[in-house]
Structures are given as C-alpha cells and as structure tokens.
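Just below is one structure, and these are the notes that go with it.
The values are calculated or read from the model by the stated rules, or taken from the named source; none is laboratory data. All of these numbers come straight from a predicted model, not from anything done at the bench. Note: ideal-geometry Cβ built from the backbone for every residue, glycine included; neighbour counts use all protein chains shown. Quick note on the areas: whole protein, heavy atoms, side chains included, nothing else; ligands and nucleic acids left out. Shrake-Rupley method; radii C 1.70, N 1.55, O 1.52, S 1.80 Å.
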There are 2 protein chains.
Amino acid sequence: MRFFEDIEIGLRRDVGSFTFTADAIRKFAAQFDPQRFHLDEEEGRKSLFGGLAASGWHVGSVCMKLLVADGQSQAREAAARGEKIAIWGPSPGFRELRWIKPVLAGDTIRFSNRVETKRTSEKRPEWGILQARNTGINQRGEAVYSFLATAFVPRRGGGS
Amino acid sequence: MRFFEDIEIGLRRDVGSFTFTADAIRKFAAQFDPQRFHLDEEEGRKSLFGGLAASGWHVGSVCMKLLVADGQSQAREAAARGEKIAIWGPSPGFRELRWIKPVLAGDTIRFSNRVETKRTSEKRPEWGILQARNTGINQRGEAVYSFLATAFVPRRGGGS
C-alpha cells in the first residue's frame with residue numbers, strides 16, 4: 001500500500017485471477033443470490049446468460065478479495081524493505097459498476113486496476129482521495145466487469 | 001414479480017431487514033474482504049468506521065438476498081392467485097452505489113426499493129428495462145446504502 005504522494009495517475013496493477021467453478025458459483029448464489037440461473041446449469045442455459053452464471057455480487061466480492069490480498073502483499077513487501085507502510089482507509093462507494101458480459105462456469109477472470117484521479121481531502125487533510133478503475137477480463141480477452149472505486153489513502157507525514 | 005406493463009414509476013416496496021451481527025460481519029470478511037476493520041472489533045474502533053464494520057460487499061450481497069427472496073415470495077403469491085408469473089431477467093449493472101454510513105456490528109438495516117424509470121428495449125422487444133433505487137436504512141433512520149439498479153423485466157405477451 002503506497003502513500004498518496006507516491007501514487008501516479010495511470011498507475012496500473014494486475015491484482016490476480018480467479019476461476020469461477022460451477023461449485024463456487026452455486027455456493028455463493030445459495031448464500032446471497034439464489035436465482036435459478038446462478039444455481040442450475042440447465043436454467044442458466046435457458047436464460048439470457050446462456051450458461052450457469054456467477055452472481056454479479058460474487059464477481060464483485062472475488063475482485064475485492066483479490067484487491068485486499070494484493071494490498072496485503074504490497075504491505076508485506078514494503079515492510080520487508082524497511083519502508084513505512086501506508087494503511088488505506090475505507091471506501092465511501094463507487095460509480096459505474098458494470099457487469100458487461102456473463103461470467104460462466106469455468107471462466108477465469110483476471111482483475112487489474114488503474115488510477116484515474118487523485119485529490120486531497122479538504123475535511124481530512126491527513127487523507128487523499130483516489131479514484132481507480134477496476135476491470136475484469138476473461139480468458140478470451142473480453143472485459144466482463146468494471147467499476148470506478150473511491151478510496152481514502154493516507155498522506156505522507158499526515159498531510160502536515 | 002410483475003410484468004413491465006404493470007409496474008408504475010414511484011412504486012415502492014419494503015424488501016425486508018437484516019441484523020449484521022459481529023459473527024456474520026467477520027464470516028463474510030474472512031471469505032471476501034479480510035481487512036482489519038471488518039475482522040476485529042478493536043481495529044474497527046480505531047478506524048474511520050469507529051467499530052467493527054460490515055464489508056460494503058456484505059451489505060450489497062445481503063440486499064441482493066432480500067431482493068431475491070422478496071421476488072420469489074411475490075411470484076408464489078401471484079401463482080397462488082392463479083396469475084401468470086413474470087420471470088425477470090438478469091441485471092446488466094447499476095449506478096451510483098454509495099456506502100453512505102458504516103454498518104456496524106448490531107445494526108439492523110431495512111431495505112426498500114422504488115421504481116425510478118422504465119423503457120422498452122429496442123434490441124429485445126420482449127423485454128422492458130427498469131431502473132430502481134435500492135436503499136438501506138438503519139435502526140436510527142439513517143440512510144446507509146443506496147444504489148440505482150437496472151433490470152430486464154418481461155413484457156406481457158412478449159412485447160408483441
């Protein structure tokens with residue numbers, strides 16, 4: 001995790017990939033989104049999706065899991081180099097979330113993000129505010145998922 | 001689940017409520033969003049959240065679960081009345097998702113939605129496209145969560 005001052009617009013990171021197995025799709029759906037096309041192969045084939053499709057919330061949650069793991073591994077690397085670690089704050093939300101194409105059983109989605117805007121916070125001078133576009137691409141190179149995230153990022157020296 | 005023609009702009013539904021226990025918050029976080037303020041009470045208190053806070057993806061997934069259960073119970077009621085059941089299609093995404101305030105351990109969030117726009121699909125005349133604002137309100141009456149969902153809704157008679 002970097003400090004606000006060290007982050008450049010355009011900075012791009014690959015945050016890892018995940019294969020959505022039929023089992024994983026059905027397990028998430030049973031917990032949080034029990035619609036027929038997320039639970040049953042045949043119902044999925046008959047639907048607009050054309051196959052057993054992951055819940056969009058599953059895709060979003062997996063992307064979040066990979067983003068957190070990537071942040072934690074960056075923090076460990078920085079600590080190993082003896083650098084001060086920036087602890088990012090919570091996200092107030094995001095914009096323009098799009099489930100562009102279905103994620104079907106067996107699809108492997110590679111997630112990446114790219115910093116789009118940064119500004120300092122007026123109310124909280126110790127924090128900067130970052131917007132980053134997160135994108136998921138399937139094994140055929142097709143974009144399937146995208147959202148613009150907002151995050152609070154600490155400033156070096158607490159903004160003083 | 002209603003047909004496109006039967007849905008009026010402004011139509012509002014209460015879709016149910018959920019209490020985010022510390023256990024439920026930690027269980028979701030361990031699976032999908034293992035950040036310290038979602039896993040540990042003390043870390044939550046020290047964070048901008050001020051307490052053990054639910055992952056935003058947990059709030060979104062719970063809202064989805066309630067929306068699906070509400071749709072299924074509406075479908076059962078329509079079937080019991082001998083009416084034809086409208087099977088809704090998948091959602092292409094949503095806009096303006098906002099995590100407005102933290103959802104902390106013990107908070108009960110009541111979710112509702114309200115139809116904002118409707119239009120017919122040019123490419124797929126058998127479907128209409130609906131936008132609905134989904135909102136979560138805590139036990140103090142504060143809005144904590146909001147998003148504008150898009151859904152494909154079948155037209156009566158297949159749009160013919």
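Residue-wise HN-Hα couplings along segment A:56-71, as the Karplus relation 6.51 cos²θ - 1.76 cosθ + 1.60 with θ = phi - 60° gives them from phi, are x, 6, 5, 4, x, 5, 5, 4, 4, 4, 5, 4, 5, 4, 5, x Hz; Gly and Pro carry x. The lysines whose alpha-carbon is closer than 27 Å to the alpha-carbon of B:K84, local same-chain residues fewer than 8 away aside, are A:K46, B:K65, B:K118, B:K123.
Where does chain B land at 222 nm, in deg cm²/dmol rounded to the nearest 500, when only DSSP H runs of n ≥ 4 count, each adding -39500 (n - 2.57), divided by all residues?
Taking each H run of at least 4 residues, the total per residue is -9000 deg cm²/dmol.
Along Cα→Cβ at 7 Å, what distances in nm separate the A:K123 label point from those on the other copies, shortest first? So the label point of A:K123 gives 3.9 nm to the other copies. Taking every protein chain into account, the 1.4 Å probe leaves B:E96 with about 90 Å² of accessible area, to the nearest ten. Only one residue of B:H38, A:T108, A:G89 has its Cα farthest out toward the positive end of the dipole of the protein assembly as shown, where Lys and Arg carry +1 and Asp and Glu -1 on Cβ, and that residue is A:G89.
Take each residue in B:28-36, count the other chain C-beta atoms within 10 Å of its C-beta, and the mean is 5. For segment A:1-66, GluC sites (Glu not before Pro) are listed when DSSP marks them as loop and at most 13 other Cβ atoms sit within 10 Å of their Cβ; the list is A:E8. For B:E142, inter-copy separations between label points set 7 Å beyond Cα along the Cβ vector come to 4.3 nm, shortest first.
FRET efficiency for the pair B:E122 and A:T120, taken as 1/(1 + (r/R0)^6) with r the Cβ-Cβ distance and R0 = 45 Å, rounds to 0.55.
Between B:F20, B:F111, B:F32, the residue with the greatest mean-square fluctuation in the GNM of chain B (Cα pairs under 10 Å linked by springs) is B:F32.
Projected area of chain B, taken from the Cα convex hull and averaged over every viewing direction, in nm²?
On the way: hull surface 41.2 nm².
Its Cα hull, projected and averaged over all orientations, spans 10.3 nm².
For segment B:15-160, the solvent-accessible area of protein heavy atoms averages 47 Å² per residue (probe radius 1.4 Å; ligands and nucleic acids excluded).
I want the local charge near A:V144. Using Cβ-Cβ distances under 13 Å, sum +1 for each Lys or Arg and -1 for each Asp or Glu among the other residues. Intermediate values should be presented prior to the final figure.
Working: positive: A:R98, A:K101, A:R110, A:R140; negative: A:D107, A:E142.
It works out to a net charge of +2.
Residues whose amide H falls under 5 Å from that of B:V15, counting only those 5 or more places apart or on a different chain, are B:F111, B:S112, B:N113, with hydrogens built in the peptide plane. Counted without the sites themselves, the longest stretch of chain B free of trypsin sites (Lys or Arg not before Pro) in a DSSP loop having at most 11 other beta carbon atoms within 10 Å is B:1-80.
Taken residue by residue and averaged, Cβ atoms of other chains lying within 10 Å of the Cβ of A:53-64 number 5.
Between copies, the label points of B:A24, set 7 Å from Cα on the Cα→Cβ line, lie 2.5 nm apart, reported in increasing order to one decimal in nanometres.
Taken one residue at a time, the phi angles of segment A:21-26 give Karplus couplings (6.51, -1.76, 1.60, θ = phi - 60°) of 6, 4, 4, 5, 4, 5 Hz. Gly and Pro are set to x.
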